[in-house]
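What follows is a short report on a single structure.
The values are calculated or read from the model by the stated rules, or taken from the named source; none is laboratory data. Just so you know, these numbers come straight off a predicted model, no measurement behind them. Here the Cβ is made from the backbone with ideal geometry for all residues, glycine too, and neighbour counts use every protein chain on show.
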Amino acid sequence: MKIKDVRVSRIKAPLKKPFKTALRTVDFVEDVLVYVETDDGYIGMGEAAPTAVITGDILGSIEDAVMSYIRPAILGIDVLDTDRVFLAMDRCILHNPSAKAAVDMAVYDILGKYYNVPLYRLLGGYTDRIRTDITISINEIDEMVEDSVRAVKEGFDTLKTKVGGDYRKDIERVKAIRDAVGPDVKIRLDANQGWRAKDAVRAINALERYDIELVEQPVPAWDVEGLAEVTRAVSVPVMADEALFTPNDAIRLISMRTCDILNIKLMKAGGIHNAIKINSMAEAAGIECMVGSMMECKVSVTAAAHFAASTHNVTRLDLDAAYLLAEDPVAGGIRYDGPDISFEAGPGLGIEGLKCC
């Protein structure tokens, strides 16, 4: 089971409509696929999303990190010696979490195939069916209302509404959406670091009347003290996202009581092995977790879904990225039935390959 080769390619798919946040606008997804092959014929697949404004990773840096640093560091290591694999990967290059996440996924895909079980069962097997929210991009109010109503008609009962910037207009946006979808639909807000701490407190306190489930990353990622200030000042639960990358970040966020919920993304954490560590720390502190994704194709969203389904402490899902694609280039992996996500019966990630190749 020694690692014989690591190689990369690219995958690209258009979105149904532009994805807009306080940080960026995305019209299509273009990611790096990573293949890890063992000397006895197992091949695992992973995916890395370039999200320059959040992780700092871009297509070229991901490919170079994998091929020039991670590949030579892990060649010859037995995949079953996972601690050695991940230690070598973490020591050979700092940061580059998306590149590491893709290699990590591919290793876990091989492990599932070796033990002949779906990955979520290998990791803990808590459930075989999960339910995601759907993202409502930040736009003019009429368009956001239209998108929200359409999502509810498609079966989604939880909206992750993008806000951030002028908090007064954000209040108008949320009021209009709540009026349009009624009281039974959950509304989560994601400011993507778009407010300063004092404005975040004003906004969240004003928005509370619209029955908001939570507010995600209201302040800049670096402003951990501001995040704690907001959390103490409002009754709506506050979730950390861009402030959380590594297990070390999790320790700091938890010990400073900066937030009520942690959002784990494989592209920030560097893969499943670190996601497990973060979730365990959160659970020990009595903090629930969400599992989310960047704008990604189905390989990496499938890996995130398997991790999320493996543990009871992940209570919220934001894994709609592959659902938002106009075309799905990946065969196998998770299946969407509106907001409901289920898994292929096959081992590992259950990815069969690319439809176009």
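Report, by residue number, each residue of the stretch 152-181 that is surrounded by fewer than 16 Cβ atoms within 10 Å (Cβ to Cβ) and among the charged types (D, E, K, R).
Lys153, Glu154, Asp157, Asp166, Arg168, Lys169, Glu172, Lys175, Asp179 - these are the residues of the stretch 152-181 that are surrounded by fewer than 16 Cβ atoms within 10 Å (Cβ to Cβ) and among the charged types (D, E, K, R).
Pairs under 6 Å by beta carbon, first residue more than 20 Å from His273 (Cβ to Cβ) in the stretch 40-56, partner among the basic types (Lys, Arg) and assigned to a loop (DSSP other than H, G, I, E, B), six or more apart or different chains?
Val53/Arg24
What do you reckon, is Ala191 surrounded by 22 or more Cβ atoms within 10 Å (Cβ to Cβ), in contact (Cβ under 8 Å) with a residue 12 or more places away in the chain and in contact with a strand residue (DSSP E or B) (Cβ under 9 Å, 6 or more places away or on another chain)?
yes
Criterion first (under 15 Å from Met45 (Cβ atoms), of a type outside the set (Gly, Ala, Ser) and either under 18 Å from the mean Cα position of the chain (by Cα) or buried (at least 24 other Cβ atoms within 10 Å of the Cβ) (or both)) does Ile272 satisfy it? Please lay out each step first, then the result.
Working: under 15 Å from Met45 (Cβ atoms): yes; of a type outside the set (Gly, Ala, Ser): yes; either under 18 Å from the mean Cα position of the chain (by Cα) or buried (at least 24 other Cβ atoms within 10 Å of the Cβ) (or both): yes.
Taking the combined requirement at face value, the residue satisfies it.
Exactly one of these conditions fails for Asp39: (1) within 22 Å of Ala303 (Cα to Cα); (2) touching a Lys or Arg at 6+ places or on another chain (Cβ under 6 Å). Give me its number.
Tallying (1) within 22 Å of Ala303 (Cα to Cα); (2) touching a Lys or Arg at 6+ places or on another chain (Cβ under 6 Å), Asp39 fails exactly one: (1).
Which one is farthest from Ile138 (Cα to Cα) among residues in the stretch 17-48 that are in a strand (DSSP E or B) and among the polar types (S, T, N, Q)? Reasoning before the result, please.
Narrowing the stretch 17-48 to residues in a strand (DSSP E or B): 17-20, 25-38, 43-48.
If we keep only those that are among the polar types (S, T, N, Q) as well, we get 25, 38.
On the way: Thr25: 10, Thr38: 44 Å.
Within the stretch 17-48, the match that is farthest from Ile138 (Cα to Cα) is Thr38.
Each row is one residue, and each column tells you yes or no for (1) among the charged types (D, E, K, R); (2) without any contact (Cβ under 8 Å) to a residue 40 or more places away in the chain; (3) in contact with a strand residue (DSSP E or B) (Cβ under 6 Å, 6 or more places away or on another chain).
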residue	(1), (2), (3)
Lys2	yes, no, yes
Asp5	yes, no, yes
Lys12	yes, no, yes
Ala22	no, no, no
Glu30	yes, yes, yes
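Return the residues of the stretch 17-47 that are surrounded by fewer than 17 Cβ atoms within 10 Å (Cβ to Cβ) and either outside the structural domain of Val85 (by TED's automatic domain parsing) or among the aromatic types (Phe, Trp, Tyr) (or both); say none if nothing qualifies.
Across the stretch 17-47, the qualifying residue is only Phe28.
Could you say whether any residue in the stretch 9-16 is assigned to a strand (DSSP E or B), outside the structural domain of Ala326 (by TED's automatic domain parsing) and within 21 Å of Asp241 (Cβ to Cβ)?
Looking through the stretch 9-16, at least one residue is assigned to a strand (DSSP E or B), outside the structural domain of Ala326 (by TED's automatic domain parsing) and within 21 Å of Asp241 (Cβ to Cβ).
Would you be able to say whether some residue in the stretch 121-130 is modelled with pLDDT of 95 or more, among the aromatic types (Phe, Trp, Tyr) and either in contact with a Lys or Arg (Cβ under 9 Å, 6 or more places away or on another chain) or not in a helix (DSSP H, G or I) (or both)?
yes
Can you tell me which residue within the stretch 165-217, out of those that are in a loop (DSSP other than H, G, I, E, B), at negative phi and not hydrophobic (A, V, I, L, M, F, W, C), is modelled with the lowest pLDDT? Even if it seems obvious, please write down each step before you answer.
So the first thing to find is which residues in the stretch 165-217 are in a loop (DSSP other than H, G, I, E, B), and the list is 165-166, 182-185, 191-196, 211, 217.
If we keep only those that are at negative phi as well, we get 166, 183-185, 191, 194-196.
From what's left, not hydrophobic (A, V, I, L, M, F, W, C): 166, 183-184, 194, 196.
Numbers: Asp166: 90, Pro183: 97, Asp184: 97, Gly194: 94, Arg196: 96.
The selected residue is Asp166.
In the stretch 329-350, what count of residues is obtained for those that are closer than 18 Å to Ser293 by Cβ and touching a helix residue (DSSP H, G or I) at 6+ places or on another chain (Cβ under 6 Å)?
6
Do you know which residues across the stretch 316-334 are in a helix (DSSP H, G or I) and in contact (Cβ under 8 Å) with a residue 60 or more places away in the chain? If you could, list the steps in order and put the result at the bottom.
Residues of the stretch 316-334 that are in a helix (DSSP H, G or I), as a first pass: 321-324.
Within the stretch 316-334, Ala321, Tyr323, Leu324 qualify.
Give the residues of the stretch 56-92 that are out of contact with any strand residue (DSSP E or B) (no Cβ under 9 Å at 6 or more places or on another chain), at negative phi and not in a helix (DSSP H, G or I), sorted by residue number.
Ile58, Leu80, Asp81
Which one is nearest to the chain's Cα centre (by Cα) among residues in the stretch 300-357 that are within 20 Å of Asp190 (Cβ to Cβ) and of a type in the set (Val, Ile, Thr)? Spell out the reasoning first.
We begin by selecting, within the stretch 300-357, every residue within 20 Å of Asp190 (Cβ to Cβ); these are 300-301, 304-305, 308, 314-325, 339, 341.
Retained after the next criterion (residues that are of a type in the set (Val, Ile, Thr)): 301, 314-315, 341.
Numbers: Val301: 7, Val314: 12, Thr315: 14, Ile341: 15 Å.
Result: Val301.
Go through (1) under 30 Å from Arg150 (Cα atoms); (2) touching a Phe, Trp or Tyr at 6+ places or on another chain (Cβ under 6 Å) and name the single condition Ile93 misses.
It fails just one condition, (1).
So Cys297 ticks every box in (1) touching a residue at least 60 places away in the same chain (Cβ under 8 Å); (2) out of contact with any helix residue (DSSP H, G or I) (no Cβ under 7 Å at 6 or more places or on another chain); (3) crowded, with 22+ Cβ neighbours inside 10 Å but one. Which box is left unticked?
The number of the failed condition is (2).
Look at the stretch 79-132 and say how many of its residues are of a type outside the set (A, V, I, L, M), out of contact with any His (no Cβ under 6 Å at 6 or more places or on another chain), surrounded by fewer than 20 Cβ atoms within 10 Å (Cβ to Cβ) and closer than 18 Å to Ala308 by Cα.
Residues that pass the stated criteria total 7.
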